[in-house]
1. Can you tell me how many residues in region 30-44 are of a type in the set (A, V, I, L, M), within 12 Å of Gly90 (Cα to Cα) and buried (at least 17 other Cβ atoms within 10 Å of the Cβ)?
2. Residues of region 79-107 being part of a loop (DSSP other than H, G, I, E, B) and of a type outside the set (Phe, Trp, Tyr), which ones?
3. Can you confirm whether Ser64 is out of contact with any Phe, Trp or Tyr (no Cβ under 6 Å at 6 or more places or on another chain), among the hydroxyl-bearing types (Ser, Thr, Tyr), under 29 Å from Val207 (Cβ atoms) and modelled with pLDDT under 95?
4. Here are some residues: Ala15, Ala19. Which one is farther than 14 Å from Leu81 by Cβ, surrounded by 19 or more Cβ atoms within 10 Å (Cβ to Cβ) and within 12 Å of the ligand (Cβ to nearest atom)?
5. Within the group Gly84, Gly90, Gly79, which residue is closer than 17 Å to Val168 by Cβ and either modelled with pLDDT of 95 or more or acidic (Asp, Glu) (or both)?
Amino acid sequence: MARKSVVATTLIAVALIYAVFRYNIVRGVPWEQLPLYITNKGIALSAVLLIALSYVIGPLTRFSPKTFSPWLTTRKYFGLLGFGLAAIHGIISLLIFDPSYYPRFFGENGKLDFNGELSMLFGVISIIIFSVVSISSLNTIEKTIEKKEWLKIQRMGYLAFILVMLHVVFMGYRGWLQPQDWPGGLLPISLISFIFIVLTLLLRTIVIVFPNNSSPKH
Ligand code: HEM
């Protein structure tokens with residue numbers, strides 16, 4: 001198996017195992033909910049990890065060109081895989097979007113509360129932006145767009161990632177503030193995702209603020 005597939009498979013496996021461990025094993029969520037409800041959490045986390053990976057490879061070549069330059073060509077693979085998983089996550093979420101699955105999003109009137117609505121709005125807009133970015137990275141489409149325009153479209157991915165950050169903040173921040181309720185002391189998946197997104201954006205910002213003109217463009 002190519003190294004990139006090993007990395008991707010490992011990340012997806014770790015995310016799925018974490019979801020099963022935190023929810024089915026420690027919290028005791030019934031195994032009937034594994035195929036969609038729990039798997040969806042692992043899929044969402046792997047989407048974030050893969051998209052984050054595709055965004056940090058460029059900046060990391062600044063710090064260790066020898067180690068990371070060979071990985072530059074894998075960015076598209078990780079990014080597209082991450083987008084595919086995010087799309088599956090969106091579809092599964094909509095299939096089971098119901099107060100019995102997600103009571104924390106709904107108010108007493110059975111409608112989404114303000115945080116729930118905001119969180120879903122950010123999720124939907126981010127997936128739409130990621131679709132545009134992903135379509136533009138397909139080789140046949142990329143060839144038809146001017147390089148400058150293409151880079152502009154690609155950079156919209158950062159905006160989408162910021163929206164994913166808001167998606168998890170509005171759904172999760174109340175739970176993040178109650179570590180005593182975390183099953184087995186294990187961090188919520190929304191918080192882990194938040195941390196990875198912030199670190200990714202931070203790394204990207206450092207590279208923008210301190211440009212190194214001698215390094216390759218990424
Ligand atoms: C149509 C767009 C989307 C919809 C309808 C949607 C819906 C949801 C729902 C209902 C949850 C709660 C899941 C749970 O607590 O079990 C959730 C959580 C999450 N979503 Fe999305 N989402 C969308 C887009 C995205 C995108 C594009 C990403 C990332 C690339 C993403 C990443 C996450 C993450 C990391 C969580 C936290 C999972 C957890 O805490 O267990 N979502 N989303």
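The values are calculated or read from the model by the stated rules, or taken from the named source; none is laboratory data. Not measured: the values here are computed from a predicted model. Cβ placement follows ideal geometry from the backbone for every residue including glycine, while neighbour counts extend to all protein chains displayed.
1. Number satisfying all stated conditions: 2.
2. Hits for region 79-107 are Ile96, Asp98, Pro99, Ser100, Gly107.
3. Judged against the criteria, Ser64 is a match.
4. Ala19
5. Gly90
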